[in-house]
Amino acid sequence: MSQTPDFDEIINRFGTHSVKWDGMEPLFGVAAADGISMWVADMDFRPPQAVQDALKGMLDHGLYGYFGDDAAYHAAIRWWMSERHAWAVEKDWIFTTHGLVNGTAICVDAFTAPGDGVVLMTPVYHAFARVIKAAGRKVVECPLALEDGRYAMDFAAWDAQMTGAEKMLILCSPHNPGGRVWSVEELRGVADFCARHDLVLVSDEIHHDLVMPGHRHTVMANAAPDATSRLVTLSATTKTFNIAGAHIGNVIIADPALRARFAARMAALGISPNSFGLIMATAAYSPEGAAWLDALIPYIEGNRKLFDAGVNAIPGLRSMPLEATYLAWVDFAGTGMATEEFTRRVEKGARIAANHGPTFGLGGESYMRFNLATPRKVVAEAVARLQTAFSDLQ
């Protein structure tokens, strides 16, 4: 039975193998005793009751053998994409990977060769560069432009950067860390850019359900249907419903030739999903999951308003307008401080663990990223601490 979610509930996550909370002190030097963890992108909220009930059913049954018959799982994905994104997906297009970092890595492996260039629009999600480098490929950073405090595409500059050695572009849509929901025109521009330079277009749309009121995400497949022959779309339940530990994601490929290349790498690597992730994802992509998400979005929006008002009141700090995700991208450039100084104030003064901007690539040097998917009381406390840590500017 569906229940009204209580996003205000404070849930103690210490000692639960939570990288977000148990990793805060060793990674950031922020003491567990009174620190606030606002870095890694998972939420401090329980997932929909339908997910909990599905897991309880597994536990009550008590047998954990090999998973069979994924018809309900594929039907749930297709239903969700149709209902929430007006996107008609065929069953045969869907591959299931161990999360989308794994999915991205397999794309790099399947569609590029060692030494090839992979284009990233930076600053962008740091795991992309990590897997590209680990695979022996070259990260090609195309910096996003800043227009009126928001990120924008700069195709003319990027065209000039291309050498012909680039074979793939990874798009983050909606954008992490900047929170942009790319317009249809911008998405078409990306598709045209990939066509001009003969790039496989990998569109990571993991945040596509976490869009703030007044904005609308368009899947790349709908924005640029003529890009099908080069398009790979990544999606997942994990970010939307806070089940990242399930390590399950989908790589969706309509083009038969691209699909065959990806399938060959999946087979060679012996990859198959775990039953817990399949059960959780099937339960999440449901009317009950949709109702939970519809309650979550306005709560995140409320947290965003509280955070932005408090942070933007500090001279020299500016939180980028958040259109999607639950990740605030705060620019400290106006303080005139070195990266080490404003980072020290956040971690030692405010006792907050937040992501360091430079890890997101070119353009991230003066920023930090803050996770707002936490009870409002925690956001309010974080804002108060930041105001105190930078009180000499006020």
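Summary of values
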item: From the options 296, 322, residue that is in contact with a strand residue (DSSP E or B) (Cβ under 8 Å, 6 or more places away or on another chain), among the aliphatic types (A, V, I, L, M), buried (at least 18 other Cβ atoms within 10 Å of the Cβ) and at pLDDT 95 or above; result: 322
item: Residue within segment 173-182 that is under 17 Å from residue 144 (Cβ atoms), open to solvent by 10 Å² or more (accessible area, probe 1.4 Å) and either part of a loop (DSSP other than H, G, I, E, B) or not charged (D, E, K, R) (or both) present; result: yes
item: Candidate set: segment 157-216, residues that are in contact (Cβ under 8 Å) with a residue 40 or more places away in the chain and among the hydroxyl-bearing types (Ser, Thr, Tyr); chosen: the one farthest from residue 328 (Cα to Cα); result: 163
item: Candidate set from segment 1-22 (those that are among the hydroxyl-bearing types (Ser, Thr, Tyr) and at pLDDT below 95); member that is most open to solvent (accessible area, probe 1.4 Å); result: 4
item: Odd one out for residue 95 among (1) part of a loop (DSSP other than H, G, I, E, B); (2) of a type outside the set (S, T, N, Q); (3) touching a strand residue (DSSP E or B) at 6+ places or on another chain (Cβ under 9 Å); (4) in contact (Cβ under 8 Å) with a residue 60 or more places away in the chain; result: (1)
item: Failed item in (1) buried (at least 22 other Cβ atoms within 10 Å of the Cβ); (2) within 20 Å of the chain's Cα centre (by Cα), with residue 194 passing the rest; result: (2)
item: Selection from segment 247-274 of residues that are closer than 18 Å to residue 75 by Cα and either open to solvent by less than 40 Å² (accessible area, probe 1.4 Å) or in contact with a helix residue (DSSP H, G or I) (Cβ under 6 Å, 6 or more places away or on another chain) (or both); result: 248, 249, 250, 251, 252, 253, 254
item: Restricting segment 43-56 to residues that are in contact with a Phe, Trp or Tyr (Cβ under 9 Å, 6 or more places away or on another chain) and either aromatic (Phe, Trp, Tyr) or assigned to a helix (DSSP H, G or I) (or both), the residue that is nearest to residue 9 (Cα to Cα); result: 45
item: Filter result for residue 40 (assigned to a loop (DSSP other than H, G, I, E, B), at negative phi, open to solvent by 30 Å² or more (accessible area, probe 1.4 Å) and in contact with a helix residue (DSSP H, G or I) (Cβ under 6 Å, 6 or more places away or on another chain)); result: yes
item: Residues satisfying the stated conditions in segment 235-258, i.e. assigned to a helix (DSSP H, G or I) and hydrophobic (A, V, I, L, M, F, W, C); result: 241, 244, 246, 257, 258
item: Search result, residues across segment 23-37 that are open to solvent by less than 60 Å² (accessible area, probe 1.4 Å), over 22 Å from residue 125 (Cβ atoms) and not aliphatic (A, V, I, L, M); result: 29, 35
item: Boolean, residue 62 is within 17 Å of residue 382 (Cα to Cα) and either of a type in the set (Ser, Thr, Tyr) or over 21 Å from the mean Cα position of the chain (by Cα) (or both); result: no
item: Filtered residue count, segment 353-394, keeping only those that are surrounded by fewer than 16 Cβ atoms within 10 Å (Cβ to Cβ), within 14 Å of residue 313 (Cβ to Cβ) and in contact (Cβ under 8 Å) with a residue 40 or more places away in the chain; result: 4
item: Of all residues in segment 283-293 being open to solvent by less than 40 Å² (accessible area, probe 1.4 Å) and either outside any loop (DSSP other than H, G, I, E, B) or acidic (Asp, Glu) (or both), the one that is nearest to residue 55 (Cα to Cα); result: 283
item: Conditions (1) surrounded by 13 or more Cβ atoms within 10 Å (Cβ to Cβ); (2) of a type in the set (Gly, Ala, Ser); (3) under 23 Å from the mean Cα position of the chain (by Cα); number of the one not met by residue 82; result: (1)
item: Count of segment 134-172 residues which are of a type outside the set (A, V, I, L, M), open to solvent by less than 20 Å² (accessible area, probe 1.4 Å) and within 13 Å of residue 119 (Cβ to Cβ); result: 4
item: Residue selected from segment 43-66 under the condition in contact (Cβ under 8 Å) with a residue 40 or more places away in the chain and open to solvent by 70 Å² or more (accessible area, probe 1.4 Å), by the criterion nearest to residue 240 (Cα to Cα); result: 46
item: Total residues in segment 325-338, condition open to solvent by 10 Å² or more (accessible area, probe 1.4 Å) and under 17 Å from residue 152 (Cα atoms); result: 1
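The values are calculated or read from the model by the stated rules, or taken from the named source; none is laboratory data. Worth saying up front: this structure is predicted, and the values here are computed from it rather than measured. Neighbour counts run over all protein chains shown; Cβ positions are idealised from the backbone, glycine included. Quick note on the areas: whole protein, heavy atoms, side chains included, nothing else; ligands and nucleic acids left out. Shrake-Rupley method; radii C 1.70, N 1.55, O 1.52, S 1.80 Å.
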